[in-house]
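Below you'll find the structure, written out as structure tokens, and then a few comments.
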Amino acid sequence: MHRRAARTLPLLAVVAALVSTGAAAPPAAPAAPAAPPKVPVAAGYGGAVASVDADASAVGIEVLRSGGNAVDAAVATAAALGVTEPYSAGIGGGGYFVYYDAKSRRVQTVDGRETAPASATAGLFQENGVPIPFAEGQTSGRGVGVPGTPATWKTALDAWGTRPLGRLLRPAEKLARDGFTVDSTFRAQTEANQDRFKDFPDTRRLFLPGGQLPVVGSTFKNPDLAATYAELGRKGAGALYRGPIAEDIVRTVRKPPVDPAATRNVRSGDLTAADLRAYETKRQAPTQVSYRGLDVYSMAPSSSGGTTVGEALNILERTDLSKLSESQYLHRFIEASRISFADRGRWVGDPAAESVPTRELLSQRFADSRACLIEPDRALTSPLAPGDPRHPAPCATTGQAAPTTYEGENTTHLTVADRWGNVVSYTLTIESTGGSAITVPGRGFLLNNELTDFSFAPAAPGVPDPNLPGPGKRPRSSMSPTIVLEDGRPVLAVGSPGGATIITTVLQTLLGHLDRGLPLVDAIAAPRASQRNQTTTELEPGLWNSALRGELEALGQGFRQNPEIGAATGVQRLPDGRWLAAAETSRRGGGSAMVVHPHGKP
């Protein structure tokens, strides 16, 4: 999740020296002085970075300023987020990297999703055929998948980067060693995990020093992570998959280091050194749909983001949302989300293990066969049965309806553009806030609990579920890093954290900007709704407390309140050639938008 103002303005100069010269970091400074406020929108030339954290955005901007490209800046920003957002992302997790190459005008992607051990079966989270409690999968070695983040960095840099990994890790290494300023969100996230963290001595020692919560305004340091980054910088990303770091990960998963006094039932995992050695990212084609004359690209399975956002856009393609009342617009958005989630649950899983009809899910013919279910004066009810994209029939459903399975809501997202027009939209995660709560001893990073994104059991008895665990399988994700092109050139890129709400957040942001005419920062800030084929739709307070709720309830929509949904960032190419970076204005402490040259061309 998210927070934080930048630590110090001098940090920019320090980072600039590190990324441009590769020099050793200077001696640690005293405690960080008061930080300037974060800015949610910025426009200018030379490139842009938007993330949740000003320290991380500053790292990315200095990579761009020193001549690095968008891929270089994205990796450096992500590494910094692993320091300042350790409960959201880091080298113990995975993610999805979407890249637009300005020279070829092509969008390409990297699937860096975590994988299950080779020993995993459909009963990974069951005992005697009965699913174990979710909490026992969440805080355990059993929920840990093989991390994909370092391999993602290597894949992206080898294919499209211009700077070596070691050079790009130095600013994050310094940030971990010298520390960042604790804010109220970091403290609140620590407090929310306090009971879990205290049961693991290494986690407690790092995040609850002296057994106490971090104090707002204090400087938080992570020297173990700094050393781990330095080791990865010297040896390469492969050092996480072979050698001492890998051995430490395997040992930690197979025998989680639990406080002897803890009463928590912490299950061990079955991850092996062979599982780590066997890990590979996947470079694959993106999903693509045409919407309002634009080309919308996102992540193909194992993520469900691209197919589900794409199907919803196709469902809405034949309706002029710009001319509808606000209540009718939201009604159509809710219903398109409901329908596409019904189809997601039935059809989307890891294509290496399941037959996923990606092309058919994204066909306009299938979307039209589902769009006719939407009536302007009456809401559908959930769970809604899926359609069959292989044999679309008007208004038809097939098989039995099944509820949407649970998915954790923590992650982080960054967007980057450079002076040459390259763009990166990158979502990365360790799953739950605080991941598994297990810190690798002496290494300074939390392990993911990503395997809990699998269905613990079929979503409904007798209903095929493509998201059950399996050997080496990637759990289904909702991450939806998205890039939109017009005539082969970028218009905007967006993404968000939030588990399954990522899909509805990205969809609503796109609709708000493209159809309703909101500036990107306002489309991001607009109050959100999230319908995921559930009996009720989640509403943020801005909609819950408005007259629109009553208008929608009169159509049969049912609601429950969610205080906060998602935390998006984006970049946009303006008509005059400038880049605009946009982030949250208030959610999770607000985001950080920066550009290289805010006051004109260099």
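The values are calculated or read from the model by the stated rules, or taken from the named source; none is laboratory data. These numbers were taken from a predicted model, which means no experiment stands behind them. FYI the Cβ positions are ideal-geometry reconstructions off the backbone, even for glycines, and counts take in every protein chain you see. Accessible surface is based on the protein model in full, side chains and every heavy atom, while ligands, DNA and RNA are left aside. Shrake-Rupley method; radii C 1.70, N 1.55, O 1.52, S 1.80 Å.
In the context of the full set of protein chains, the chain has a per residue accessible area of 33 Å² (1.4 Å probe).
Measuring only protein heavy atoms, the 1.4 Å probe finds Leu362 accessible over about 30 Å². A simple count of charges around Gly44, restricted to other residues whose Cβ falls under 15 Å of its Cβ and scoring Lys, Arg +1 and Asp, Glu -1, yields +2.
Checking (i) 35, 29, 22; (ii) 51, 46, 31; (iii) 52, 32, 22 against the coordinates, the calculated semi-axes √(5λ) of the Cα gyration tensor in Å falls under label (i). With the helix formula -39500 (n - 2.57) applied to DSSP H stretches of n ≥ 4, the chain reaches a computed 222 nm mean residue ellipticity of -9500 deg cm²/dmol. Taking 29 Å as the limit for the C-alpha separation, the pairs Lys103/Lys601; Lys198/Lys221; Lys154/Lys601; Lys154/Lys174; Lys38/Lys601 exceed it in the case of Lys154/Lys601.
With all protein chains in place and ligands, DNA and RNA left out, the 1.4 Å accessible area ranks Trp160, Trp153, Trp420 as Trp420, Trp160, Trp153, largest first.
Got a sec? What order do His391, His597, His331, His513 fall in by accessible area at 1.4 Å, biggest, i.e. largest, first?
Largest accessible area first, the list is His391, His597, His513, His331.
Tally up the carbon and sulfur contribution to the accessible surface of the chain as a whole percent, 1.4 Å probe, everything protein left in place. Answer for the chain is 53 percent, counting heavy atoms of protein chains only. If you plug the beta carbon distance of Arg516 and Thr272 into 1/(1 + (r/R0)^6) with R0 = 60 Å, you get a FRET efficiency near 0.75. Sorting the segments 567-576, 170-179 by their residues' average number of neighbouring beta-carbon atoms within 10 angstrom, most packed first, yields 170-179, 567-576. To the nearest 10, the accessible area of Ile315 is 10 Å² with a 1.4 Å probe.
Across the chain, the relative contact order, built from alpha-carbon pairs under 8 Å that are at least six residues apart, equals 25 percent. Rolled with a 1.4 Å probe across the full set of protein chains, the surface gives Thr121 an accessible area near 80 Å².
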